[in-house]
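Student: Here it is: the structure, laid out below.
The values are calculated or read from the model by the stated rules, or taken from the named source; none is laboratory data. Small disclaimer: the values here were computed from a predicted structure and weren't measured. We place every Cβ from the backbone using ideal geometry, glycine too, and count neighbours over all the protein chains shown.
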Ligand SMILES: [Zn+2]
């Protein structure tokens, strides 16, 4: 057995160390220090997980939740926009399917299939133009930095030129 095989067999060994199918893994671990180390760290993790306990909920959690639920149920119904929004957000879409199919059929009839393609092209254009804008911004920044470098260089050489006659 080699090390990758051994390490993929380590979970089995951890769950049932005495199983006869784990004999090759045990034999490899007796001879291989790195795999033995791997097994020991897994055992340490497992024993740490054994000591972990799920935290208890805060006192009166159930009561508080029940009160909140009752308050939500007794609230007056939200406005028209809110109701439409929640229906769009949380529905399974089943009741819209006939309408959607009808709209798609209508679009295909009108555009002869070009409608769907056109909307795709529009989306792609928008995404590339965002990328292009970013690149242009980067390019402009680069040009501004180069211009500033040139200005500083010009200034330095002008200073040197003015110093030259006096020396
Ligand atoms: Zn090994």
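Student: Can you tell me which residues in region 1-33 are within 14 Å of the ligand (Cβ to nearest atom), part of a helix (DSSP H, G or I) and surrounded by fewer than 11 Cβ atoms within 10 Å (Cβ to Cβ)?
Tutor: Matches in region 1-33: 4, 8, 30, 31, 33.
Student: In region 56-77, is there at least one residue being loosely packed, with under 12 Cβ neighbours inside 10 Å, more than 16 Å from the ligand (Cβ to nearest atom), more than 34 Å from the chain's Cα centre (by Cα) and under 30 Å from residue 100 (Cα atoms)?
Tutor: Looking through region 56-77, at least one residue is loosely packed, with under 12 Cβ neighbours inside 10 Å, more than 16 Å from the ligand (Cβ to nearest atom), more than 34 Å from the chain's Cα centre (by Cα) and under 30 Å from residue 100 (Cα atoms).
Student: Keeping to region 34-55, report how many residues are within 16 Å of the ligand (Cβ to nearest atom) and free of Cβ contacts under 8 Å to residues at least 12 places away in the same chain.
Tutor: Residues meeting the conditions: 4.
Student: In addition: If residue 81 satisfies all but one of (1) at negative phi; (2) modelled with pLDDT under 70, what's the number of the condition it fails?
Tutor: (2)
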